[in-house]
Structures are given as C-alpha cells and as structure tokens.
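Novice: Sharing a structure with you now.
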Amino acid sequence: MDHDQDLIEHIDRLAHEEHELFDRESRGEASAKQRARLKEIEGELETSYDLLRARRARRAAGLDPDVEPVVDTAALEQAEREIMDVTSEQEPEPTV
C-alpha cells in the first residue's frame, strides 16, 4: 500500500499544480510554457489514475499490485485495426 500512497501523493501534487495553472489561465496570465505544462499534467494525471485503478483492481483480484501485466502492443494495435475495419464495414453508405 506504500506505493499506492506515493501515487496518491503524486496525484495530489499534480492536481494542486493543475489548479494553480487553471487559475492563471482563467485570468489570462498563463504563459505558453504554463499552458503546455497544463497539457502535460493532464496526461500525467490520466496515467496516474489509470495506474492506481489497475493496482487496486489487481489487489482486489488477489494478485500482486506491483506486477504489471505485459501488454503486446502489436497485438493490441492489430485488434484496434480489425475493430475499425469491422465498424467501417457496418456503416451504411450515405444516400444522396
């Protein structure tokens, strides 16, 4: 659970920084660098929340939360392409 707590603290720090940058942005005071950082934080928060949810799910399933499953990205990309192919085949042709 220590790793979860570290992750939660990281999320809290990111959320605090995000809030400060949003405040600056809403007042029109954010620089281009700060707006770019805001986008980075958004991605980091999404990744961190995903990791926390995955760790909790593995723990709930009786698995070691510190062992991440190996993802075959090539197989995942192929499956996504196949889904897109099937989806595009099912869409009716527009009538004019």
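Derivation of every value follows stated rules applied to the coordinates shown; laboratory data play no part. Remember, predicted model here, so these are calculated numbers, not experimental data.
Novice: Debye calculation, C-alpha points only, no solvent: report log10 I(q)/I(0) for segment 10-54 at q = 0.20, 0.27, 0.31 Å⁻¹, in the same order as the q values.
Specialist: Each listed q maps to, in turn, -0.60, -0.90, -1.06.
Novice: Go from 0 up to the bin containing the longest alpha carbon distance in segment 2-90, width 10 Å each, and give me the % of pairs per bin.
Specialist: 15, 27, 26, 24, 9
Novice: For segment 78-83, what does the Karplus curve 6.51 cos²θ - 1.76 cosθ + 1.60, with θ = phi - 60°, yield as ³J(HN,Hα) per residue in whole Hz, taken in order and with x for Gly and Pro?
Specialist: With the stated coefficients, segment 78-83 comes to 5, 4, 5, 4, 5, 4 Hz.
Novice: What residues have an amide H closer than 5 Å to that of ALA30, excluding those fewer than 5 places away on the same chain, when H is modeled at 1.01 Å from N in the peptide plane?
Specialist: Residues meeting the amide H criterion: GLU25.
Novice: Run lengths n ≥ 4 of DSSP H only: what is the helix-derived mean residue ellipticity at 222 nm for the chain, with -39500 (n - 2.57) per run over all residues, to the nearest 500? Could the numbers behind the result be given before it?
Specialist: Working: 3 runs with 72 residues, N = 96.
Rounded to the nearest 500, the figure is -26500 deg cm²/dmol.
Novice: Let me ask something additional. Residue by residue through segment 14-26, which ³J(HN,Hα) values in whole Hz follow from phi under the Karplus form 6.51 cos²θ - 1.76 cosθ + 1.60 (θ = phi - 60°), with glycine and proline marked x?
Specialist: Once θ is set to phi - 60°, the couplings for segment 14-26 become 5, 5, 5, 4, 4, 4, 4, 5, 4, 4, 4, 4, 5 Hz.
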